């Protein structure tokens, strides 16, 4: 990667400080300015170079740990956000994430769907995130950039290959690019917060036009034809990138929890955290799209099975998922996975499978491994959707503008190495 090539200069500074001092002294005697030095070998100007030199620290093996920073609104967290942070972490050793404040989002994009507290829970719950900075600015100002370099010891600022423009049309990352401390990753295509808002608004329109009593076929057909239908193309490699790639140890206490986990939110993170604390290995069963549609209506799920799988796998408390889990837990399933606890979450779904079939948890109950957990938060997939529906006019206007910019991005995008 090119960032490693750039660091050969700084490694020389660290390991041969006297030689570097001689070079700088000679340059000063010859009348060279720091502005001239900034034009060669990728050197930033002196104000940005000095705090950077002070941040040089060694790992046990003698190499400096690279700290990278990525910011965002992270409203309606989805696997695209998670994949961006996964890519950002791959460019360094420690990932610091800035979460833009509610006020800044309102000023630059319109009202967020999720509160700062909810977004903090979501971002902090991702397995690739090491530190979080709350209430970060939307634009990288000079003062904030200096604080990133000096206080947070940041080496590079990361963003996707899609443009991030301020209301005046200027680049939000212009300063970071100017001082040579900017890195770019590939945007995850096929999903965005704008797209998800569109799905929710489309599901509301679908209900109004078709009604709940017209049956599955007509509504399902309408849903599939929607311009907001998912364009995500799942691959085994992407699942492997999100997976821990490890099974439970021979004596591990395996905890199992199942559900839809649609529109992954802070309530999901908190309940998964609680479930993980009951054992050593957390296995999550994800219901099929058909199962969720049968229980909640054909406009659900908002995220299809593979999208939901990646969102759950990205959570730091999850070790493995079953993609398309059965409703009924059999004795063979319990013995195969060696469950120590099977968890049923109360007060999270707005529906229950127990209403339509014989108790699917009958076996684990008879074996004495059934546990119930109450969600510590009142947020649900339905409540998040209702926030958007309650302010649908605002979000429709915002989406119209955002959809235009996203269309332009797809038309003008160029290949960026990374995935």
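The values are calculated or read from the model by the stated rules, or taken from the named source; none is laboratory data. Here the structure is a predicted model, which means the values were calculated and not measured. As a convention, Cβ positions derive from the backbone with ideal geometry for all residues, glycine included, and neighbour counts pool all protein chains shown.
Residues in the range 296-310 that are closer than 12 Å to residue 381 by Cβ and part of a helix (DSSP H, G or I): 2 in all.
Checking the structure you have, find out if any residue of the range 255-263 is farther than 15 Å from residue 311 by Cα and assigned to a helix (DSSP H, G or I). Checked the range 255-263: no residue is farther than 15 Å from residue 311 by Cα and assigned to a helix (DSSP H, G or I). Here residue 98 meets each of (1) surrounded by 18 or more Cβ atoms within 10 Å (Cβ to Cβ); (2) part of a strand (DSSP E or B); (3) touching a helix residue (DSSP H, G or I) at 6+ places or on another chain (Cβ under 8 Å) with one exception, condition (3). Selection of the range 101-116 for residues being part of a helix (DSSP H, G or I) and touching a strand residue (DSSP E or B) at 6+ places or on another chain (Cβ under 9 Å) yields 102, 103, 104, 108, 116. When you check residue 150 against the structure, is it modelled with pLDDT of 95 or more and surrounded by fewer than 16 Cβ atoms within 10 Å (Cβ to Cβ), yes or no? Yes: the conditions hold for residue 150. Residues of the range 294-303 that are surrounded by fewer than 19 Cβ atoms within 10 Å (Cβ to Cβ) and farther than 13 Å from residue 259 by Cα: 294, 297. Residue pairs whose Cβ atoms lie under 6 Å apart, separated by 6 or more positions or on different chains, with the first residue in the range 83-110 and within 21 Å of residue 156 (Cα to Cα) and the second part of a helix (DSSP H, G or I) and at pLDDT 95 or above, are 95/88; 95/89; 97/123; 99/119; 99/123. Is one or more of the residues making up the range 252-266 surrounded by fewer than 16 Cβ atoms within 10 Å (Cβ to Cβ) and modelled with pLDDT of 90 or more? For the range 252-266, residues surrounded by fewer than 16 Cβ atoms within 10 Å (Cβ to Cβ) and modelled with pLDDT of 90 or more: present. Of everything in the range 238-251 that is touching a residue at least 12 places away in the same chain (Cβ under 8 Å) and either under 22 Å from the mean Cα position of the chain (by Cα) or at positive phi (or both), the residue that is surrounded by the fewest Cβ atoms within 10 Å (Cβ to Cβ) is 246. Among the criteria (1) at pLDDT 85 or above; (2) touching a helix residue (DSSP H, G or I) at 6+ places or on another chain (Cβ under 7 Å); (3) in a loop (DSSP other than H, G, I, E, B), the one residue 350 does not fulfil is (1). Restricting to the range 145-174, count the residues that are in a helix (DSSP H, G or I) and under 25 Å from the mean Cα position of the chain (by Cα). Qualifying residue count, the range 145-174: 5.
Please indicate, with yes or no, whether at least one residue in the range 191-209 is modelled with pLDDT of 80 or more, farther than 22 Å from residue 264 by Cβ and not in a loop (DSSP other than H, G, I, E, B). No, there is no match, as no residue in the range 191-209 is modelled with pLDDT of 80 or more, farther than 22 Å from residue 264 by Cβ and not in a loop (DSSP other than H, G, I, E, B). Filtered by the rule that a residue be modelled with pLDDT under 95, part of a strand (DSSP E or B) and surrounded by 15 or more Cβ atoms within 10 Å (Cβ to Cβ), the range 311-347 gives 339, 340, 341, 342, 343, 344, 345.
Flag: residue 172 matches the condition of being surrounded by 12 or more Cβ atoms within 10 Å (Cβ to Cβ), out of contact with any helix residue (DSSP H, G or I) (no Cβ under 8 Å at 6 or more places or on another chain) and either over 26 Å from residue 82 (Cβ atoms) or modelled with pLDDT under 90 (or both).
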